Amino acid sequence: MSSLDSALRAEYKPSVSAVNQEATLAAKLQHQNETTSEPARSLSFQDLAEVLLAQQSVPSLPELERLVARTKISPHELHPYLGFKVGNYCRHRVVRNEFVEMLVLCWKPGQRTPIHDHNGSHGAVFVYEGILWETTFDYDAETGLAYKAHRELRDGGLTGSELPDIHQIGNPDVSGRDLITIHIYGPPLGVLKTYKLGSATIDLYTPADPDFL
Ligand SMILES: [Fe+2]
C-alpha cells in the first residue's frame with residue numbers, strides 16, 4: 001500500500017464509545033436477520049452510516065447492495081451533505097473507516113468523472129435524485145481501451161462495480177437537472193487508475209478531497 005493510500009485510509013478515527021455504540025446497533029441488526037424470517041427492517045440514512053462504521057472487515061458488494069436497498073433516505077438527513085459548485089462535481093464524506101467509506105456526490109449537468117477503475121475497491125452507487133449515465137470499457141494492453149456498454153440510472157436506481165470494472169459516470173448535460181448520488185466503497189478509495197479511449201496508457205488519479213469531511 002502506498003504512503004498516500006495509508007494516509008487516506010488512516011484519516012478517520014472514530015471514538016471508542018462511538019465504535020461501541022455502532023457495534024451494538026450492528027449486532028442488533030445481525031441478530032434480527034439471523035433469528036427472524038421476516039424481512040429485515042428498513043434503515044434510516046443515519047442507521048446505514050452507523051452500520052458501515054461498525055464493520056470489522058470489508059463488506060462484499062452484495063452486502064453493500066442489500067444494505068442500501070433497505071435504506072430509506074429522508075431529505076432532512078441528506079441535507080447536510082448537499083452542495084454544488086461550478087466546474088467539478090462535489091464530494092461530501094459521510095463516514096469512513098479502515099474497511100468502508102460512504103460519500104454523497106452532487107453533480108450539475110455536464111459534470112462527470114474521468115474514465116477510471118477503483119484500484120482494488122468495489123462500490124455501490126445509488127441515485128437519490130436525477131439521471132446518471134454510466135459508460136463501461138474493456139482494457140487490452142495491446143489494443144488499448146475500448147467502449148463496452150452504456151446505461152442510464154434514474155431516481156432510486158442502484159448499481160455496483162465489481163473488480164476490475166472500468167467506467168465513467170456523470171450527470172449528462174442534456175439532463176437539465178441536478179444529480180445526487182450516494183457511493184459506498186469497500187475498502188475506501190485510494191489512488192485510482194485512469195484511462196483514455198483507444199490508448200493503453202494508464203495514469204494515476206487521486207479523487208478530489210471531499211468538500212465536507
Ligand atoms: Fe467509479
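Each label point was placed 7 Å from the Cα along the Cα-to-Cβ direction; for Leu197 and Val86 their separation is 2.8 nm. Expressed as a fraction of 2.2 N^0.38 Å, the C-alpha radius of gyration for the stretch 75-204 is 1.05.
The GluC sites (Glu not before Pro) of the stretch 115-153 that meet both conditions, a loop assignment by DSSP and at most 14 other Cβ atoms within 10 Å of the site Cβ, are Glu142. Note on Ala149 and Ala40: their simple-model spin labels are 2.5 nm apart, each label 7 Å out from Cα toward Cβ.
Computed from label points 7 Å out along Cα-Cβ, the spacing between Lys72 and Thr206 is 4.2 nm.
Each value in this text was obtained by applying a stated rule to the coordinates, not by laboratory testing. Note that the structure is a prediction, hence the values are computed from the model and not measured. Note that we place each Cβ from the backbone using ideal geometry, even for glycine, and neighbour counts take in every protein chain shown.
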